[in-house]
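K.L.:
Take this structure, written in structure tokens, and hold onto it; I'll ask about it next.
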């Protein structure tokens, strides 16, 4: 972000305070020790402010330079997407709670990175409910119970690749013998299973019939696609 954009964001912030009645141009001019016309010209795009004047404005208005930066820009700068090699893409491993709720993955939440062929990832189809502003691929490790509930397709500790841009209940491949596995948001994070909709509930069915069906209640404003973290598109099991 350039200094000119920061100055424009400061102008918008001050105009917002003036429009809401919290500030006047005269009061601001007196606070920073300049003529009212100087502030008026700044607010009307007729001139800029020096760095010293901007500092005084931030001080008297109890603002920080961070308040002038787009929150999305801050999040983007703070994320960790490791540099990829020519033929491989780095995909981050995170906790299930992060995978289910965080649109952008922050550096502090990254536990590890694994490499996947770019050609493989590019071939994967998205759904109509794609989350364009979400990091698409993430990895999680399934816990012991979830791993055994999906045995033999999963095992405890298996690493699953989740495509968070595929969050609709449509079979990924027509006529496939294997049912589509989804990661679904739960109060404690997310879990993997076969998913069905029943009224205002998501029904998670295990592969291992010795384990019970799990029912997740949807909020009134929540759709099934909101609760679906994404499609499981790859499973890695350590031997």
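Here, each number is a calculation from the coordinates, and none is a lab measurement. Please read these numbers as outputs of a predicted model, since none were measured by experiment. Note that each Cβ is placed from the backbone with ideal geometry, even for glycine, and that neighbours are counted across all protein chains shown.
K.L.:
Between 103, 13, 130, where does the largest GNM mean-square fluctuation fall for the chain, given springs only between Cα atoms within less than 10 Å?
P.N.:
Comparing 103, 13, 130 in a Gaussian network model of the chain, the most mobile one is 13.
K.L.:
Something else: Per DSSP helix of 4 or more residues, -39500 (n - 2.57); summed, then divided by the residues of the chain. What does that give at 222 nm, rounded to the nearest 500?
P.N.:
Helices in the chain give a 222 nm mean residue ellipticity of -8000 deg cm²/dmol.
K.L.:
Just to be sure I understand: with springs between alpha-carbon atoms less than 10 Å apart, which residue in 117, 27, 133 has the highest mean-square fluctuation in the Gaussian network model of the chain?
P.N.:
27
K.L.:
Among 215, 91, rank each residue by its count of other Cβ atoms within 10 Å, from fewest to most, as a rough exposure measure.
P.N.:
Ordered by Cβ neighbours within 10 Å, fewest first: 215, 91.
K.L.:
Kirkwood hydrodynamic radius, the range 117-156, all distinct C-alpha pairs: what's the number in Å?
P.N.:
12.6 Å
K.L.:
Tell me the relative contact order for the range 3-69 as a rounded percent, counting alpha carbon contacts under 8 Å between residues six or more apart.
P.N.:
36 percent
K.L.:
Then there is this: What FRET efficiency would be calculated for the residue pair residue 119, residue 238, taking the C-beta separation as r and a Förster radius of 22 Å, to the nearest 0.05?
P.N.:
0.35
K.L.:
Moving on to the next point. Grab the beta carbon distance between residue 208 and residue 104, set R0 = 35 Å, and tell me the FRET efficiency rounded to 0.05.
P.N.:
Once the sixth-power term is evaluated, E becomes 0.50.
K.L.:
Right, here's the next one. Note down the relative contact order for the chain as a percent, whole number, built from C-alpha pairs under 8 angstrom at least six residues apart.
P.N.:
Relative CO of the chain lands at 15 percent.
K.L.:
In square nanometres, what is the average projected area of the Cα convex hull of the chain?
P.N.:
If I average the Cα hull's projected area over directions, I get 18.2 nm².
K.L.:
Something else about it: Report relative contact order for the range 120-239 in percent, whole number only (criteria: Cα-Cα under 8 Å, sequence separation at least 6).
P.N.:
29 percent
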